[in-house]
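Working notes, beginning with the structure itself.
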Amino acid sequence: MQYHLATRFGRTSHRISGREALDNEALYRHVPSIFAREAHDSRSERYVYVPNLFDTADVYSDGASEEVLGDGPNDAGSSRFRLVSAVEDALRRLQTDHIDIFQLHAFDAFTPVEEVLSTLDTLVRAGKVCYVGVSNFSGWQIMKSLAVADRHGWSRYVANQVCYSLVGRDYEWDLMPLGQERGLGAMVWSPLGWGRLTGKIRRGTPLPEGSRLHETVSFGPPVEDEHLYRVVDALDAVAEETGKTVPQIALKTIAVSSIAGYRELDQVPL
C-alpha cells in the first residue's frame, strides 16, 4: 500500500492523505491492551508511512488505539487546537492569567490564515493574550495576514521578531519599511550578531575559548570575517571616543527592543 504527502482537508488545518487513510480497526485488531507499550514505541515508524487521519474507537484494544495516537498530529503548526492549547499550557507554566505579546514563531502554510487570525482574536478578546506578533514571516505573509485581519476586524499583528545587527542588516531592505508603514514594532534577536560584536573577536586572534561560536557558528546567519573585522574596527573607534564598550555601542545603534543571550552576568553590557 502506498501513501502520499498529506493535503489539507477542505478549508481546515487538518491534513490527511491525498489518496488513502488507515483504518485503525485493522491496525489494532490483534494488539491487546497489554501490548500498548510496544505499540507506542513503534508509533514513530508508522507515522513515516501513515497519514494522520485515523479511525479510532474505545472498543479497539480497549481504547489502546486512542492512547497511542493521542499526542501525535497536533503538536506543531498554528492550527486552532495548537494555538489554544499552547496558550493554556504557557499560562499554566508561567503561573499568570495573560500573555503580553504572543508571537508565532513561523508561518504555517498548511493552516488557513483566517483560522489562525480568528483564533488569535478569540484569545485576545478572552483576555488571555494582549497583543499578537510574528517571527520568521516574509513580507507577503505579513501583508496577507494584516489584510485578512483588517477585513474581518480581528486583532492585527503589532510586532515582528527579526534577526538584526550591525553585521546582519537584511531586515532593512524589506521588513523594516513594511513595519514602519504598517505599524509593526521590531523585536530584535541576536543584536550582537550571534556573539560576534562582544568586542572579544578581532582580526588576527582566535575565537575565545568560551565563545559559543565554536558550536553555533553553523546555525546562525553567516558573516564574512573581513566584514566583521571592519565593523569591529569602526566600533572600536567610537568606543575610544565615547568611553563606552563595543557591545554597548552595537546595541545602542540598533536602538529597539532586543533579545540577547548571556551566559554570565558580567557579559551584560550595562
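The values are calculated or read from the model by the stated rules, or taken from the named source; none is laboratory data. Since the model is a prediction, treat every value here as computed from it, not as a measurement. Cβ: placed from backbone, ideal geometry, glycine included. Neighbour counts: every protein chain shown.
Output the residues belonging to the stretch 116-151 that are more than 25 Å from ASP170 (Cβ to Cβ), free of Cβ contacts under 8 Å to residues at least 12 places away in the same chain and of a type in the set (A, V, I, L, M).
ALA126
Go through (1) under 30 Å from ILE249 (Cα atoms); (2) surrounded by fewer than 20 Cβ atoms within 10 Å (Cβ to Cβ); (3) assigned by TED's automatic domain parsing to the domain that holds LEU91 for VAL134 and report which single condition fails.
(2)
State all residues of the stretch 137-157 that are crowded, with 16+ Cβ neighbours inside 10 Å and of a type in the set (A, V, I, L, M, F, W, C); if no residue qualifies, say none.
PHE137, ILE142, LEU146, VAL148, ALA149, TRP154
Which pairs turn up if I take residues in the stretch 186-204 that are free of Cβ contacts under 8 Å to residues at least 12 places away in the same chain and look for partners that are aromatic (Phe, Trp, Tyr) with beta carbon separation below 9 Å, at least 6 apart in sequence or on another chain?
Filtered contacts from the stretch 186-204: GLY204/TYR229.
How many residues are at negative phi, outside any helix (DSSP H, G or I) and of a type outside the set (Val, Ile, Thr) if we restrict to the stretch 106-164? Walk me through it before giving the result.
Pass one, the stretch 106-164, residues at negative phi: 106-126, 128-135, 137-152, 154-164.
This time we only want the ones that are outside any helix (DSSP H, G or I), so: 106-112, 126, 128-135, 137-138, 154-164.
Now narrow it down to the ones that are of a type outside the set (Val, Ile, Thr): 106-110, 112, 126, 128, 130-131, 133, 135, 137-138, 154-157, 159-161, 163-164.
Residues in the stretch 106-164 being at negative phi, outside any helix (DSSP H, G or I) and of a type outside the set (Val, Ile, Thr): 23 in total.
Take the residues in the stretch 180-231 that are under 30 Å from MET143 (Cα atoms) and polar (S, T, N, Q); name whichever of them is modelled with the lowest pLDDT. So that I can check it myself, show each step before the final result.
Applying the first criterion (under 30 Å from MET143 (Cα atoms)) to the stretch 180-231 yields 180-194, 219-223.
Filter again for polar (S, T, N, Q), leaving 180, 190.
On the way: GLN180: 93, SER190: 86.
My answer is SER190.
Take THR96 and decide whether it is β-branched (Val, Ile, Thr), free of Cβ contacts under 8 Å to residues at least 40 places away in the same chain and outside any helix (DSSP H, G or I). So that I can check it myself, show each step before the final result.
Working: β-branched (Val, Ile, Thr): yes; free of Cβ contacts under 8 Å to residues at least 40 places away in the same chain: yes; outside any helix (DSSP H, G or I): yes.
Criteria met by THR96.
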